[in-house]
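Data first, discussion second: the structure below is written as structure tokens.
The values are calculated or read from the model by the stated rules, or taken from the named source; none is laboratory data. Note that this is a predicted model, so its numbers are computed, not measured. Heads up, the Cβs are rebuilt from the backbone with ideal geometry, glycines too, and the neighbour counts pull from every protein chain shown.
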DNA sequence: ATTAGCACTCACATCACTTGACTGCTAACA
DNA sequence: TGTTAGCAGTCAAGTGATGTGAGTGCTAAT
């Protein structure tokens with residue numbers, strides 16, 4: 001559909017988006033002519049603009065105004081810049097900045113995501129976010145019951161991603177002696193060791209019935225801890241620079257600003273904004289309808305550690321945003337993250 | 001200074017603040033007369049208003065407008081309502097709502113603060129916050145070193161407020177046998193047991209030099225964990241309903257809204273907004289200058305568990321806010337929190 | 001196909017004018 | 001002396017008329 005655009009139409013459309021991105025104002029035929037196409041007249045540009053308008057790429061706010069780009073124009077624009085080498089779009093200063101920020105102590109995947117979101121927002125000046133995916137894809141390596149004062153014990157669950165320890169359980173008077181705990185630990189490990197955390201819902205009693213016997217309470221406690229952990233970490237979204245969107249005139253009224261902020265502060269909403277197929281290297285979505293952020297464009301990149309996709313990071317900004325820069329930053333972050341980080345598990349935790 | 005106000009002036013001033021709080025519009029003499037003082041004429045009210053204006057309680061936005069309250073008027077108003085029984089200002093429905101929300105499983109003081117902030121914001125419809133104070137006033141009860149796979153061990157620090165366990169340390173090849181860990185645990189407990197977490201900076205080597213000997217690495221790791229814990233939990237502020245402020249016409253422009261949001265999302269700023277003397281039962285501050293929220297009023301209450309002050313919770317809203325309701329809610333929350341919650345330590349953790 | 005030229009459109013700013021909600025003042029009254 | 005009615009004065013906010021200028025679409029000439 002877009003293929004039959006003449007070379008000149010393409011140049012004009014690209015120029016129009018460029019100008020609109022930098023000014024935010026409707027672009028006039030003479031603007032385009034003087035800055036991008038000095039070899040023709042503005043009248044020629046005008047007739048081309050008419051054609052582009054008929055094709056649905058651009059529109060006029062009112063009869064005597066310039067043109068503004070529509071969704072398709074942005075799509076065309078993004079395609080045209082994606083072709084180039086995106087990493088070359090960052091200055092040396094910026095790449096150095098990114099690298100520096102990542103060398104700090106970052107153990108947890110959580111810290112990593114947060115830091116990525118911050119960096120992206122700092123450099124691009126747009127609202128950014130990072131999401132950990134596959135949180136439930138965690139394997140239990142070992143469970144320990146550690147006795148502490150009184151008749152309590154701490155449940156310590158070691159996984160391939162870190163550890164979970166936030167709750168003490170009360171053993172009542174059942175077993176204050178070490179052997180009780182030892183047995184309980186052995187049983188728990190027989191049940192849980194090597195299992196994936198996402199399967200906990202399926203941990204039904206049937207299969208392991210006779211093993212549990214006297215340890216039913218502890219078993220339930222552990223299940224509970226895992227459930228809470230999964231629910232708290234599912235769709236873990238970090239948003240950075242939320243207020244930066246308010247600097248752009250598109251969101252210069254309280255109504256829209258409030259709406260935007262309420263959408264992005266709700267993690268459920270945020271995860272709906274992510275591309276369905278999380279494995280896409282890059283995703284650019286412009287003006288998603290009915291999402292509460294229809295005046296926005298969302299660019300995401302999936303990042304990996306080793307071969308595994310750990311999450312996504314991206315930018316949410318006005319439709320007229322600096323796509324070139326954003327894609328460049330995301331691309332560089334993507335690369336940096338997989339090289340700077342030691343694969344989890346070799347390091348502590 | 002305010003004492004010499006005549007009874008009628010008091011009634012008029014109170015009426016004016018009342019009306020202004022409910023409408024947000026400058027209040028005219030005839031409004032006051034018709035709704036609050038039908039026994040006199042509006043001209044009389046006018047002359048009283050002149051006097052109150054001369055005393056600095058109220059002002060006119062422009063010559064032909066009604067009056068709006070100034071800081072002193074709000075102070076007068078708050079004093080006059082604080083005298084009454086604040087708890088009676090809540091409906092039965094509201095008190096039931098509060099009680100219900102608190103009966104849920106709430107282990108950590110953190111959950112408690114968060115929930116309090118949510119409740120306050122839900123009921124009052126203003127932005128609310130809760131702060132844990134005295135986080136550093138935590139005593140170490142016990143330290144455990146739990147060996148996990150490889151040559152690693154988890155450091156588990158049990159305190160009177162809960163437990164800290166987020167890091168595994170690498171023992172290298174030093175000691176894979178249990179006895180090494182046992183000795184290390186004993187030494188660590190001799191050093192740390194019973195000590196207050198806030199004293200960690202003073203844990204210098206001199207005094208306990210010869211005890212550490214071969215456990216210097218582990219000792220440093222533990223110190224590090226404690227330091228990080230303290231710094232992450234100092235001034236732990238939870239803000240709820242931040243966007244609610246944007247519903248009030250006072251913040252109906254993006255400039256102010258952005259400013260407000262950036263102030264309250266920064267925890268350092270927030271802790272500066274708290275009253276210096278955290279032990280005050282209630283604190284009402286109106287239009288604090290140079291704070292970035294000079295158009296706001298801030299009401300805080302200290303809440304206790306047992307005799308110990310655990311934190312503060314409060315509301316930040318427009319100066320013309322429903323003081324009666326807010327104070328009522330805070331008062332009830334205060335009472336409920338100390339009764340619903342089991343003293344920490346009896347319960348799990 | 002391109003261009004110059006021109007008439008047309010329309011958002012936006014400006015200005016004069018009206019309206020109405022207040023006040024402050026004054027003079028009369030209890 | 002305190003209160004009140006009455007009235008003139010003030011000023012924000014709304015309304016409508018008018019001008020301005022940036023931009024277009026159209027047409028006729030090249």
Could you grab me the full set of residues in segment A:254-270 that are within 7 Å of chain B (Cβ to nearest Cβ), buried (at least 16 other Cβ atoms within 10 Å of the Cβ) and modelled with pLDDT of 90 or more? A:257, A:258, A:261
Single match in B:54, B:65, B:43 (criterion: within 10 Å of DNA strand C (Cβ to nearest atom) and over 23 Å from residue B:319 (Cα atoms)): B:43
Within segment A:236-252, restricting to residues that are in contact with a helix residue (DSSP H, G or I) (Cβ under 7 Å, 6 or more places away or on another chain) and either at the interface with chain B (Cβ under 9 Å from one of its Cβ atoms) or free of Cβ contacts under 8 Å to residues at least 40 places away in the same chain (or both), the one that is nearest to residue A:299 (Cα to Cα) is A:242
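Does residue B:78 satisfy the condition of being under 15 Å from residue B:325 (Cα atoms), within 16 Å of DNA strand C (Cβ to nearest atom), in contact (Cβ under 8 Å) with a residue 12 or more places away in the chain and in contact with a helix residue (DSSP H, G or I) (Cβ under 7 Å, 6 or more places away or on another chain)? Please lay out each step first, then the result.
Numbers: under 15 Å from residue B:325 (Cα atoms): yes; within 16 Å of DNA strand C (Cβ to nearest atom): no; in contact (Cβ under 8 Å) with a residue 12 or more places away in the chain: yes; in contact with a helix residue (DSSP H, G or I) (Cβ under 7 Å, 6 or more places away or on another chain): yes.
For residue B:78, the condition - under 15 Å from residue B:325 (Cα atoms), within 16 Å of DNA strand C (Cβ to nearest atom), in contact (Cβ under 8 Å) with a residue 12 or more places away in the chain and in contact with a helix residue (DSSP H, G or I) (Cβ under 7 Å, 6 or more places away or on another chain) - is not met.
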Total residues in segment A:57-78, condition over 15 Å from residue A:287 (Cα atoms) and either more than 9 Å from DNA strand D (Cβ to nearest atom) or within 14 Å of chain B (Cβ to nearest Cβ) (or both): 3
Can you say whether residue B:16 is in contact with a helix residue (DSSP H, G or I) (Cβ under 7 Å, 6 or more places away or on another chain) and within 10 Å of DNA strand D (Cβ to nearest atom), as far as the supplied structure shows? no
Kindly provide the set of residues from segment A:146-158 that are more than 9 Å from every other protein chain (Cβ to nearest Cβ) and surrounded by fewer than 20 Cβ atoms within 10 Å (Cβ to Cβ), ordered by number. A:150, A:151
Residues of segment B:33-59 being in contact with a strand residue (DSSP E or B) (Cβ under 9 Å, 6 or more places away or on another chain) and free of Cβ contacts under 8 Å to residues at least 40 places away in the same chain, which ones? B:49, B:53, B:59
Which one is farthest from residue B:250 (Cα to Cα) among residues in segment B:13-30 that are in contact (Cβ under 8 Å) with a residue 40 or more places away in the chain and within 11 Å of DNA strand C (Cβ to nearest atom)? B:16
Would you please name the residue that is surrounded by the most Cβ atoms within 10 Å (Cβ to Cβ), looking only at residues in segment B:118-145 that are part of a strand (DSSP E or B) and more than 13 Å from chain A (Cβ to nearest Cβ)? B:128
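For every residue, the table says whether it meets (1) more than 14 Å from chain B (Cβ to nearest Cβ); (2) away from DNA strand D (no atom under 12 Å from the Cβ); (3) more than 19 Å from residue A:76 (Cα to Cα).
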{"site": "A:7", "(1), (2), (3)": "yes, yes, no"}
{"site": "A:11", "(1), (2), (3)": "yes, yes, no"}
{"site": "A:25", "(1), (2), (3)": "yes, no, yes"}
{"site": "A:32", "(1), (2), (3)": "yes, no, no"}
{"site": "A:49", "(1), (2), (3)": "yes, no, no"}
Scan of segment B:266-290 for residues that are in contact with a helix residue (DSSP H, G or I) (Cβ under 6 Å, 6 or more places away or on another chain) and without any contact (Cβ under 8 Å) to a residue 60 or more places away in the chain, ordered by number: B:269
